[in-house]
Amino acid sequence: MKKYYFALLLLVFTQGCFAARRPGVGITSPGLETPSQPSATPQQSRTPRPTPTAVPTATEIPPTPQPKVTITAVKGNLYIRRGPGTEYDRVGVLYKGESTEIIGQDVLSKWVQVQVPDSDRTGWVSIMTEFSSLDGDLTFVPDFTFTEWPQPAYIKNCTEHDVVVEPGDIYLYNLFTNSKYLNESQVDPGVYTIFDMFLSGEPEIQTVDVREGETIYITVDGDGTRHNCP
């Protein structure tokens, strides 16, 4: 009887131990839960960044040089003047056969702006005479209006003899006609020679160089007599 009882106890003990080892069956003990496995998170796909495109460096295109236009003095020398007109002072000379570059033109006249040879100055030359010859197309030359007005110049006869001024064949009466302003004349800047019309042979009295804004007084006649201007 004891053996039977002992065998029965052994059987019950064995089954209890087996049941305790089976997870989720029978006994639930705190701290012995099987931790749930985290669900697998799908890996986020990254959009690849585009490869930077190299920006081409801008190439500076040099301006196209304009064709050069030149003027040549033919059949004689050409005065180069301060402005586009004979009323302006002379600032240089373009000698016969010599050429220079045209750098501008006046829109109101037939004068062109040029580089004075052998200097850093500029001046103006007329293209309306047979003493100049152009080489090139003036449409490539910039134009503008020269706005500085010339200063008037005069020659006045203060002698008692009538005189003639050359070039220009300018006749100036003697001092006694002064009340009618016939003994003076406005002239362009330049070199002039005065001749006495009262004496035989019309002798030369003097040569004068007239500049802008000046008045040249003739005070000696052909026989050497001096006079004062009133």
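Each value in this text was obtained by applying a stated rule to the coordinates, not by laboratory testing. Every value quoted in this text rests on a predicted model; they were computed, and no experiment measured them. Positions of Cβ are generated from backbone atoms using ideal geometry, with glycine treated the same way; all protein chains shown enter the neighbour counts.
Quick notes on this one:
- Neighbour counts of other Cβ atoms within 10 Å put ASP118, ASP221, ASP196 in the fewest-to-most order ASP118, ASP196, ASP221.
- Global geometry of segment 91-203, whether rounded, prolate or oblate, following the gyration tensor of its Cα atoms and the 1.5 cut on a/c: prolate
- Cα gyration tensor shape of segment 70-144, rounded if a/c is under 1.5, else prolate or oblate by comparing a/b with b/c: rounded
- Prolate/oblate/rounded label for segment 153-218 (Cα gyration tensor, a/c 1.5): oblate
- Residues GLU204, GLU130, GLU101, GLU184, sorted so that the one with the fewest Cβ neighbours within 10 Å comes first: GLU130, GLU204, GLU101, GLU184
- Ranked list, fewest to most other Cβ atoms within 10 Å of each Cβ, for CYS229, CYS158: CYS229, CYS158
- The residues neighbouring GLN186, those whose beta-carbon lies less than 12 Å from its own, together hold a net charge of -4 under the Lys/Arg +1, Asp/Glu -1 convention.
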